[in-house]
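Trainee: What follows is a structure written as structure tokens; I'll ask about it next.
The values are calculated or read from the model by the stated rules, or taken from the named source; none is laboratory data. Predicted model, so just to flag it, every value in this text is computed and none were measured. Here the Cβ positions follow ideal geometry from the backbone for every residue, glycine too, while neighbour counts run over all protein chains shown. Areas reflect the complete protein model, heavy atoms only, side chains present, ligands, DNA and RNA absent. Shrake-Rupley method; radii C 1.70, N 1.55, O 1.52, S 1.80 Å.
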Amino acid sequence: GALLATQRRDWAGATTLLDRIPVKERSSDMVALQTRVQAYSELNRATNLAQQDRQAEALTVLTNNQASLTKSVELTGALASAYVDIGEPAKGLDLLKQTMAGAKQPNPELLLQYASLLLRTNQDAECAKILTAVSTRKLSGDEKRSFDDLLFTYSIRQADLLRERGDLTEASSRLTPL
């Protein structure tokens, strides 16, 4: 039940289901899932506050939870994305830049999260550099799907920009490989 709720991004429902399990009976996987659900609940709360024009409160939620939200690549990327969602793109991008700078060789998951934020913040040239770098790496199945999705979105955007400039031939050629 709780896993299904997380797949649907029903953080409250997942929390309710996990809370029914006595603490002493929770496996390590259940504890990890509950930690993940709590993290996403806080990110969701911040996003909801921002949608209610309560940016300062949303920023406080993210800032107060940053230490616990940067313990994994997944949550670091989700936190960076939440910063973008609440109108603080520089904070999100800086968080991922700092995380990448701290790694000898950033893993593809982190690079793809960074490329996604670059694309969301209309920094297409930098996004293209990251996508090119990632294209030479060995990717897991999930990473390959993320890469393909980003490349598709990037290509559509580039074709659309070319179309707006009146370069229909080049726009069409960008779409042909897709």
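Trainee: Using a Gaussian network model of the chain with C-alpha springs under 10 Å, which one of 43, 17, 93 is most mobile by mean-square fluctuation?
Mentor: 17
Trainee: Could you do me a favour and compute the accessible area per residue for the chain, 1.4 Å probe, result in Å²?
Mentor: For the chain, the solvent-accessible area averages 60 Å² per residue.
Trainee: Further question on the same structure: Would you mind counting up the charge near residue 142? Only other residues with Cβ under 14 Å from its Cβ, with Lys and Arg at +1 and Asp and Glu at -1.
Mentor: -1
Trainee: Set the bar at 32 Å for Cα to Cα. Now go through 91/138; 71/129; 24/144; 91/129 and name every pair that lies beyond it.
Mentor: In this structure, 24/144 exceed 32 Å between Cα atoms.
Trainee: Kindly provide the helix-only [θ] at 222 nm of the chain, computed as the sum of -39,500 (n - 2.57) over DSSP H runs of four or more divided by all residues, to the nearest 500 deg cm²/dmol?
Mentor: Using -39500 (n - 2.57) per qualifying helix, the result is -24500 deg cm²/dmol.
Trainee: For the chain, what is the per residue volume of the convex hull drawn over the alpha-carbon atoms, in cubic angstrom?
Mentor: Working: hull volume 26.9 nm³, N = 178.
Once divided by residue count, the hull of the chain is 151 Å³.
Trainee: Filter the trypsin sites (Lys or Arg not before Pro) in region 75-134 to those in DSSP coil with at most 16 other Cβ atoms within 10 Å of their Cβ, and list the result.
Mentor: Numbers: sites: 91, 97, 104, 120, 129; in loops: 104.
Answer in residue order: 104.
Trainee: Expected output is a single nm value to one decimal: the length gained when fully extending between residue 41 and residue 105, i.e. 0.36 nm times separation in residues minus the C-alpha distance. What is it? Mind dumping the intermediate values first?
Mentor: Numbers: separation 64, 0.36 × 64 = 23.04 nm, distance 3.03 nm.
Here the answer is 20.0 nm.
Trainee: Per the 1.4 Å probe, what fraction of the accessible area of the chain, in percent, lies on carbon and sulfur atoms?
Mentor: The computed percentage sits at 51.
Trainee: Now for a different question. Mind checking which of 82, 90, 50 has the largest fluctuation in a GNM of the chain, springs on alpha carbons under 10 Å?
Mentor: It is 90.
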